[in-house]
Amino acid sequence: MNKLQAMEVFVQVVDAGSFTRAAEMMNLPKATVSTLVQSLEGALSAKLLHRTTRQVTVTTDGAAYYERCLRILSDVRDAEESLSRTRLSPSGRLRVDAPTGLSSEILVPALPAFFERYPDIMLELGSSDRPVDLVEEGVDCAVRGGALADTSLIARRVGVINFVTAASPDYIARHGMPQHPRDLDRHRCVNYFSAKTGKIYDWDFSRGDERIDIPMRGVIALNDSNAYVQAGLAGLGIIQMTDYMLDKYVETGRMLQVLGDWRSDPAPVHVVYPQNRHLSAKVRVFVEWVAELFAANPYMHMGAVPRTSAPTAPLLVPLTA
């Protein structure tokens, strides 16, 4: 048995969810695919797949082995790539993870240009506000905002994200416009919590030499940036989110900027990858592409983006006690 081939076949079966589809995608007889997986299970003395007449699903042991196979096969391809001419035209599967809002607002709209430059890369972009474990989950690199907690990763700083505090016109009409961060004590805010620790993030405000850190009170907390923005649009409370996610709503009047003369601390953005891995050509070009993309994007620099077209929020008094 060619173990590397068997691993490739096993990975393809898991990805396809079918022996038949895997055989078609690899241009192999279905019997060969089935035999290789059975041989692999025999060599490992472990059941990797549950087989029924309708579907193929991975077992617990199979899921763990699948992740190991991904890393092994990726390392083999990287080793081959480093000694071949493919470094001039990177190819293969590239697994990347990025925050939800950053993916939807900045990365995905720019991907046509990336594929025009690197047509042989097959990108798998995971979009989640949960910090993934790159090594355990077989992710090649990740884009992360905020302070880096994992010092085992190699990090390249590629930008800065800025934050806007805002609320829906309906919320402001009902509760009034805060004039100072301390006014937020009597307001309802939408909280954001860490998907990793469950900790609710405090808000911070600076103006000149004055700085205020505020633990926010609210009736709802979320850990997905898209859902968080929708909560603000629904009038559930005041929100604080990245300017590249909120500006389009401020410009159209669906959200009103709050405490616009106060600034919240910006957060750095890094591309990270495991230090114990060879930096393959496809990872290297992706990192360079992200750096170029963010360098050209005004939202990814220190300081707020001017909102010349944004409507001026009226000073309203609460309509309810």
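Some points to look at:
- The criterion of at least 2 residues that are within 18 Å of residue 283 (Cβ to Cβ) is met, among strands (runs of 3 or more DSSP E) falling completely within the stretch 77-178, by 92-98, 121-127, 141-145, 153-161.
- Among residues of the stretch 147-165, those that are at pLDDT below 85 and in contact with a His (Cβ under 9 Å, 6 or more places away or on another chain), counted: 2
- Of all residues in the stretch 87-120, exactly one satisfies the criterion of being out of contact with any Leu (no Cβ under 8 Å at 6 or more places or on another chain), open to solvent by less than 40 Å² (accessible area, probe 1.4 Å) and aliphatic (A, V, I, L, M), namely 102.
- Single unsatisfied condition, residue 217 versus (1) over 12 Å from residue 263 (Cα atoms); (2) under 25 Å from the mean Cα position of the chain (by Cα): (2)
- Matching residues, the stretch 239-273, being touching a Gly at 6+ places or on another chain (Cβ under 7 Å) and either more than 29 Å from residue 290 (Cα to Cα) or part of a helix (DSSP H, G or I) (or both): 245, 255
- Meets criteria (farther than 27 Å from residue 91 by Cβ and surrounded by 12 or more Cβ atoms within 10 Å (Cβ to Cβ)) for residue 49: yes
- When the test is whether a residue is modelled with pLDDT under 90 and farther than 19 Å from residue 106 by Cα, residue 304 does not pass it.
- Residue check for residue 68: outside any loop (DSSP other than H, G, I, E, B), open to solvent by 80 Å² or more (accessible area, probe 1.4 Å) and touching a residue at least 40 places away in the same chain (Cβ under 8 Å): no
- Residue 137, sole failed condition from (1) at pLDDT 90 or above; (2) within 15 Å of the chain's Cα centre (by Cα): (1)
- As for the stretch 192-209, it holds no residue that is open to solvent by less than 60 Å² (accessible area, probe 1.4 Å), of a type in the set (Val, Ile, Thr), farther than 30 Å from residue 111 by Cα and not in a strand (DSSP E or B).
- Residues in the stretch 33-62 that are in a helix (DSSP H, G or I) and under 12 Å from residue 12 (Cβ atoms): 33, 36, 37.
- Restricted to the stretch 139-177, and to residues there that are within 19 Å of residue 196 (Cβ to Cβ) and touching a helix residue (DSSP H, G or I) at 6+ places or on another chain (Cβ under 8 Å), the residue that is surrounded by the most Cβ atoms within 10 Å (Cβ to Cβ) is 141.
- Taking the criterion of being of a type in the set (Ser, Thr, Tyr) and either open to solvent by 60 Å² or more (accessible area, probe 1.4 Å) or free of Cβ contacts under 8 Å to residues at least 40 places away in the same chain (or both), the residues of the stretch 52-65 that qualify are 52, 53, 59, 60.
The values are calculated or read from the model by the stated rules, or taken from the named source; none is laboratory data. From a predicted model like this one, the values you see are computed outputs, not experimental measurements. Cβ: placed from backbone, ideal geometry, glycine included. Neighbour counts: every protein chain shown. Surface areas here come from the heavy atoms of the whole protein model, side chains and all, with no ligands, DNA or RNA. Shrake-Rupley method; radii C 1.70, N 1.55, O 1.52, S 1.80 Å.
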